[in-house]
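K.L.:
What follows is a structure written as structure tokens; I'll ask about it next.
The values are calculated or read from the model by the stated rules, or taken from the named source; none is laboratory data. This one's a predicted model, so the numbers in the text were calculated from it and none came from an experiment. Here Cβ is always computed from backbone atoms with ideal geometry, including for glycine, and neighbour counts include all displayed protein chains.
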Amino acid sequence: MRKLIFILSLIFCTAAFAIQQSISIRQYIQTINHVCIIVPNMDRTLHFYRDILGFKLIKDNTESNAIISKELGLSNVKLRNVFLQAPGGFELQVIQFYHPKENLKKITMTSIGYNHIGIGVTDLQKVYQLLKAQHVKIIASPIIKKSSAYAIFFAQDPDGNRIEFFQKLAS
């Protein structure tokens, strides 16, 4: 009986410690700040996010990056690093590598990892029409998801990254 009590106490203490650790980390997290995408043509990407979608350019510099150099095991990584800010404060980091230049692989809708960027809008039909007029590739026309009270459609940026535009519907 003592062994059982000891084992149960040990399990309880271990579980309590694990819960405390996750809570102690969570209390320091403020928000998700940004998403980073890698692109082959920065100017084309900037035209889309800055000129068509209206994101504000907040940083644009060419740099050698020691962290990425170390991760890749190279001494001369050079890249263009751009930060754009969407309405509401969310940031999109866009990187174009000058060296090394690798064959970039496309990510599919079912790949593990990045899937899409979600952008909330006030008038989904108007955004849909404006993007079509700019010849932005639409990959799924607007649909209403009554179960979640949202209307959505998907488009692609110039590099094929998926963007979900959504509007919360009145309940």
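K.L.:
If a residue has to be at pLDDT below 95 and acidic (Asp, Glu) to count, how many in the range 43-69 make the cut?
P.N.:
Number of matching residues: 1.
K.L.:
Counting just the residues of the range 119-171 that are without any contact (Cβ under 8 Å) to a residue 60 or more places away in the chain and of a type in the set (Asp, Glu), which one comes out farthest from PHE90 (Cα to Cα)?
P.N.:
Ranking the candidates gives ASP123 first.
K.L.:
Right, something else. Check GLY88 against each of (1) outside any helix (DSSP H, G or I); (2) modelled with pLDDT under 80 and name the one condition it does not meet.
P.N.:
Of everything listed in (1) outside any helix (DSSP H, G or I); (2) modelled with pLDDT under 80, GLY88 misses just condition (2).
K.L.:
Here's a follow-up. Going through the range 141-154 one residue at a time, which ones are part of a strand (DSSP E or B) and at pLDDT below 85?
P.N.:
LYS145
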